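Heads up, the thing below is written out as C-alpha cells.
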Amino acid sequence: MALEQVLTRLQDLSLPTQIRESDWMFPTIETVHVFALVLVVGSIMTVDLRLLGLANKERPFSQVASEMLPWTWTAFAIAALAGMLMFSSKALTYYGNIPFRLKMVCLLLAGINMAMFHWLGTRHLETWDRGRPPRSAKLAGGASLLLWVTIVAAGRWVGFTT
C-alpha cells in the first residue's frame, strides 16, 4: 500500500475527521501544542544556555539538567500527542508540506544531538559539572538551540502554508 493511501486512511478515521471538521477541536489542540512547546523550548534553552556558559554558571550542570528535564519530557509528550492529533486531521496536506518536513527533520536531528550528548558529552561530567563545559558539550548546546529555533520557526511557517 502506498504511503498516500495510508495517510488518506489515517485522516479519514473518525477522530481525525472530527478534529478537521470541528470549529473548536483543532484550535484547542493547537493551543495545547503551542503551550507545551513553549515549556519544551524554555526548559531546553535553560540547559543549553548552561552548556554554553551563558546562564546558571554558578550552578552545577547536573542540577540544572535534573530540574529542567522532567519538565522537558512531560511537555514534549504533550506536544507530541497534540502534534500527532493535528497531523492526523490533515495527514496528506502536512506530509507534502516543506516546512512540516523541515520541522520533522530538525526534531530528528535534535533527538540525535541529545542522544549523542548524553552518550558522549556526559561521560566525564564530574570533571566539568561545576565549571566550564568541554567544547563537545558547548557544540551540543549550540546545535540544540539552533535546531529548536528552527523547529519553532518551521512550525509557525506550517501554519501559514497549510
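Read the figures in this text as sums done on the coordinates, not as results from a lab. Fair warning: this is a prediction, and the values are worked out from it, not measured in the lab. All Cβ positions, even for glycine, are placed from backbone atoms using ideal geometry, and neighbour counts span all protein chains on display.
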Fill in: C-alpha long axis of helix 61-89 to longest principal axis of the chain, angle in °
10 degrees
Worksheet, complete the sentence: The helix 135-161 Cα axis meets the longest alpha-carbon principal axis of the chain at an angle in degrees, between 0 and 90 and rounded to 10, of 20 degrees
Discussion item. Using 0.36 nm times the number of residues separating Thr31 and Ser136, minus their current alpha carbon distance, what extension gain do you get?
Written reply: 34.2 nm
Worksheet item: 222 nm [θ] for the chain, helices only, -39500 (n - 2.57) per DSSP H run of 4+, per residue, to 500?
Response: -26000 deg cm²/dmol
Worksheet entry | More than 20 Å apart - percent of Cα-Cα pairs taken over segment 3-161 | 54 percent
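Pulled fully out, how much extra length does the chain show between Leu125 and Lys57, if you take 0.36 nm times their separation in residues and subtract their Cα-Cα distance? Don't skip to the answer; put the middle values down first.
Numbers: separation 68, 0.36 × 68 = 24.48 nm, distance 1.48 nm.
So the chain would gain 23.0 nm between Leu125 and Lys57.
Mind checking the full-extension length gain between Leu3 and Val149? Use 0.36 nm per residue of separation minus the Cα-Cα distance, one decimal, nm.
49.6 nm
For the residues Ile112, Ile44, what sequence is obtained by ranking on other C-beta atoms within 10 Å, fewest first? Numbers along the way, then the final one.
Details: Ile112 12, Ile44 23.
Lowest count first: Ile112, Ile44.
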Item to complete: Would you list which lysines come within 21 Å of Lys103, measuring only between C-alpha atoms, while excluding same-chain residues fewer than 8 positions from it?
Response: Lys90
Item to complete: Check cross-link reach from Lys57 to the lysines: straight Cα distance under 21 Å, and skip same-chain residues fewer than eight apart.
Response: Lys138
Worksheet entry | Tilt relative to the chain, helix 25-51 - C-alpha long axis, 0 to 90 degrees, to 10 | 20 degrees
